[in-house]
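As structure tokens, the structure follows; a few thoughts come after it.
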Amino acid sequence: MPKYIIIGGVAGGATAAARLRRLDEHSRIIIFERGEHISYANCGLPYYIGGIIADREDLLLQTPESFRKRFNIDVRVNSEVIFIDRNKKTVEVKDTLFGKTYAESYDKLILSPGAKPIIPSVKGLCSERVFSLRDITDADKIKNFIENMNPKSAAIVGGGFIGIEMAENLKAVGLDVSIIEISDHVIPMLDNDIACDVRHHLEQHGISLYLSNRLQSITLQDNRLNIELLNGFINADMLVLATGVRPESQLAKDAGLALNEYGSIITNKQMQTSDPDIFAIGDAVEVMNFVTGHTCMMPLAGSANKQGRIAADNICGIYNEYAGTQGSTIIKVFDMVVASTGICEKTARLYNLNYDKVFLWHTGHASYFPGSRPMSIKTVFEKDSGKILGAQIAGFDGVDKRCDVLAVAIRAGMTAKDLTALELCYSPPYSSAKDPINMVGYVIDNTLTGKVKNYHWHDIKSLPRDGSVTLLDVRYVEEALLAPIEGFRNIPLDSLRGCIKNLDRTKPIYILCYSGARSYIAARILSQNGFDVYNLSGGYRLIRSLNLL
Ligand code: FAD
């Protein structure tokens, strides 16, 4: 009877164990978990702290007992594996409650030890008022502190996914919240031209943002944290570190398994490490970026689960490969939804890809049906073929399904032309007859086929204001009066045909409107009348959101 050992009993480990059992009823399976719990919902922890998930028990998806009953798996919690002896094929286990150690042999071993929070090397972090969030014990500490110490304010270091989820949830329990972020925008893994909408939304909900800033030190004064930043000081009653994670790979390193320069465990596509009897999955492993083909660390629950299944399949003789991670993520920011899949523009730039981008501003469902609100979609695509490389969306209703469709498009290697042909569900409460996904396809297709030439927000400041080009604003007169744009002459779209004779055909025309839709129509009118026209993708709305004017 084969004997399988799994180290780490949460996302990847629990999935791998259950799949192993479903494939092999007669093997012996042991999970060693250092903590008290297995298979809990760490993605739900911020919402437990905020009270949206009211019952702590709801976080515990399985218990050692339920796992034992259903899967006949020997789950040992409070059991830390402290050494792997690859020659003897044994692990040394420490019972963290009683301190005793013992050895257990294996035929195949799966490592799913996860990642650990990065703790910046800053003075003053050893305080009972400073927290990080990785597991239920961390969540309990934060919740107990809030209930017992009645803090009024919190500072969060890191404006990524966990930082923002914590900001929303600490606000929900009545705290004043500040976010300190080293990058010049929140959610640094996104491009600034999408993250700018998130920034405004956070500020509208009363979150104070300290961007392009860095935690320097912390001192305790009169039971408050005096937090020194690169630029200034703030005070708070508690501080949460959300500064990212690094792979929990010391055990693998000590066992002599191959790691990359960042400490991630290297595996092949079957999730097998440099030792054929040891597999590794989840946050601790290096993955291939599905779009670029480069290796990286992308710690996501979905990847850990898929890899768990793949490792179990291969152990049981079913050939299965992990095809790479494309980084599909989504976050709730109060009532806003922000989602992303594939690569963002900065990654495309980093790898020198031959890419282009378009912005689309579109309602989540039919604009005449109550409750429709606009979403901003940025799509990055291959310049020659129109293949979709990445998308980022910030909006409200229907963001998740649009991002998921684009995630599938990327996986399937689809082009913009393919998006125009997609038949997606439509009824006014849910979409428009031309779904935003179709619209993304149309906009890119128009760009690729030369029906429109775009310029972008980063070009706006450098456009000559010396009369050598025509700068044209086709918004309504009232819009242009309310928010005039330096150097741009206002001719509303509906008056444009009557004014063509007054425009200088020898000069290029740079055109804009609020979102890019009316200016596209204007661009078509003018280009078919012999003008050389450029349309501002994303429109005035985007330059305003970026605070460029
Ligand atoms: P984990 O689930 O972390 O499990 C690793 C386990 O291994 C730990 O319990 C640890 O105690 C144990 N362990 C480590 N070393 C040993 C040892 N030597 N012996 C025994 N046990 C050991 N991902 C998303 O995709 N979407 C989200 O919305 C999302 N939200 C998140 C919110 C929070 C607050 C956190 C912390 C994470 C979130 N994630 C999210 C990330 C997601 O939870 C991880 O990607 C996923 O849990 C990784 O699974 P894993 O099995 O690699 O590691």
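Computed quantities for the displayed model
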{"read-out": "Number of the condition not met by residue 33 [criteria: (1) within 8 Å of the ligand (Cβ to nearest atom); (2) touching a strand residue (DSSP E or B) at 6+ places or on another chain (Cβ under 6 Å); (3) farther than 15 Å from residue 308 by Cα]", "value": "(2)"}
{"read-out": "Of residues in region 79-101 being of a type outside the set (Val, Ile, Thr), over 30 Å from residue 313 (Cβ atoms) and touching a strand residue (DSSP E or B) at 6+ places or on another chain (Cβ under 7 Å), the one surrounded by the fewest Cβ atoms within 10 Å (Cβ to Cβ)", "value": "95"}
{"read-out": "Pair list, Cβ under 7 Å, 6 or more apart: region 438-462 residue farther than 13 Å from residue 381 by Cβ, other residue among the charged types (D, E, K, R) and crowded, with 20+ Cβ neighbours inside 10 Å", "value": "457/193"}
{"read-out": "Residues of region 7-30 satisfying the condition of being of a type outside the set (Gly, Ala, Ser) and either closer than 28 Å to residue 150 by Cβ or more than 9 Å from the ligand (Cβ to nearest atom) (or both)", "value": "19, 20, 21, 22, 23, 24, 25, 26, 28, 29, 30"}
{"read-out": "Exclusive hit being in contact (Cβ under 8 Å) with a residue 40 or more places away in the chain and either within 16 Å of the ligand (Cβ to nearest atom) or in contact with a helix residue (DSSP H, G or I) (Cβ under 7 Å, 6 or more places away or on another chain) (or both), set 156, 180", "value": "156"}
{"read-out": "Residue 53 being closer than 20 Å to residue 116 by Cα and either in contact (Cβ under 8 Å) with a residue 60 or more places away in the chain or within 13 Å of the ligand (Cβ to nearest atom) (or both)", "value": "no"}
{"read-out": "In region 424-477, residue nearest to residue 547 (Cα to Cα) [restricted to those that are assigned to a helix (DSSP H, G or I) and of a type in the set (S, T, N, Q)]", "value": "447"}
{"read-out": "Candidates 199, 246, filtered to the one that is without any contact (Cβ under 8 Å) to a residue 24 or more places away in the chain, outside any loop (DSSP other than H, G, I, E, B) and within 19 Å of the chain's Cα centre (by Cα)", "value": "199"}
{"read-out": "All strands (runs of 3 or more DSSP E) inside region 66-122 with 1 or more residues being under 16 Å from residue 33 (Cα atoms) and not hydrophobic (A, V, I, L, M, F, W, C)", "value": "74-76, 79-85, 90-95, 101-105, 115-117"}
{"read-out": "Residue pairs meeting the criteria (Cβ under 8 Å; at least 6 apart or on separate chains; first assigned to a loop (DSSP other than H, G, I, E, B), in region 524-549; second surrounded by fewer than 22 Cβ atoms within 10 Å (Cβ to Cβ) and among the acidic types (Asp, Glu))", "value": "549/486"}
{"read-out": "Residue satisfying condition, being assigned to a strand (DSSP E or B), farther than 26 Å from residue 434 by Cα and either modelled with pLDDT of 95 or more or within 16 Å of the ligand (Cβ to nearest atom) (or both), within set 288, 298", "value": "288"}
{"read-out": "Hits in region 224-242 - residues which are buried (at least 19 other Cβ atoms within 10 Å of the Cβ) and small (Gly, Ala, Ser)", "value": "236, 242"}
{"read-out": "Search result, residues across region 102-117 that are within 14 Å of the ligand (Cβ to nearest atom) and surrounded by 14 or more Cβ atoms within 10 Å (Cβ to Cβ)", "value": "104, 106, 109, 110, 111, 112, 113, 114, 115, 116, 117"}
{"read-out": "Residue 98 of a type in the set (Phe, Trp, Tyr) and more than 15 Å from the ligand (Cβ to nearest atom)", "value": "yes"}
{"read-out": "Residue in region 162-179 that is farthest from the chain's Cα centre (by Cα), counting only those that are over 17 Å from residue 235 (Cα atoms) and surrounded by fewer than 20 Cβ atoms within 10 Å (Cβ to Cβ)", "value": "173"}
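Yes/no per residue for (1) more than 30 Å from residue 537 (Cβ to Cβ); (2) hydroxyl-bearing (Ser, Thr, Tyr); (3) surrounded by 19 or more Cβ atoms within 10 Å (Cβ to Cβ):
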residue	(1), (2), (3)
296	no, no, no
303	yes, yes, yes
319	yes, yes, no
333	no, no, yes
348	no, no, yes
352	no, no, no
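Residue by residue, here is whether (1) at pLDDT 95 or above; (2) in the same structural domain as residue 193 (by TED's automatic domain parsing); (3) among the hydroxyl-bearing types (Ser, Thr, Tyr); (4) touching a helix residue (DSSP H, G or I) at 6+ places or on another chain (Cβ under 7 Å) holds:
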position: 474; (1), (2), (3), (4): yes, no, no, yes
position: 477; (1), (2), (3), (4): yes, no, no, no
position: 491; (1), (2), (3), (4): yes, no, no, yes
position: 511; (1), (2), (3), (4): yes, no, no, yes
position: 514; (1), (2), (3), (4): yes, no, yes, yes
position: 517; (1), (2), (3), (4): yes, no, no, no
position: 521; (1), (2), (3), (4): yes, no, no, yes
position: 535; (1), (2), (3), (4): yes, no, no, yes
position: 540; (1), (2), (3), (4): yes, no, yes, no
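The values are calculated or read from the model by the stated rules, or taken from the named source; none is laboratory data. No experiment lies behind these values; they were computed from the predicted model shown. Quick reminder, even Gly has a Cβ in these numbers, built from the backbone with ideal geometry, and neighbours come from all protein chains shown.
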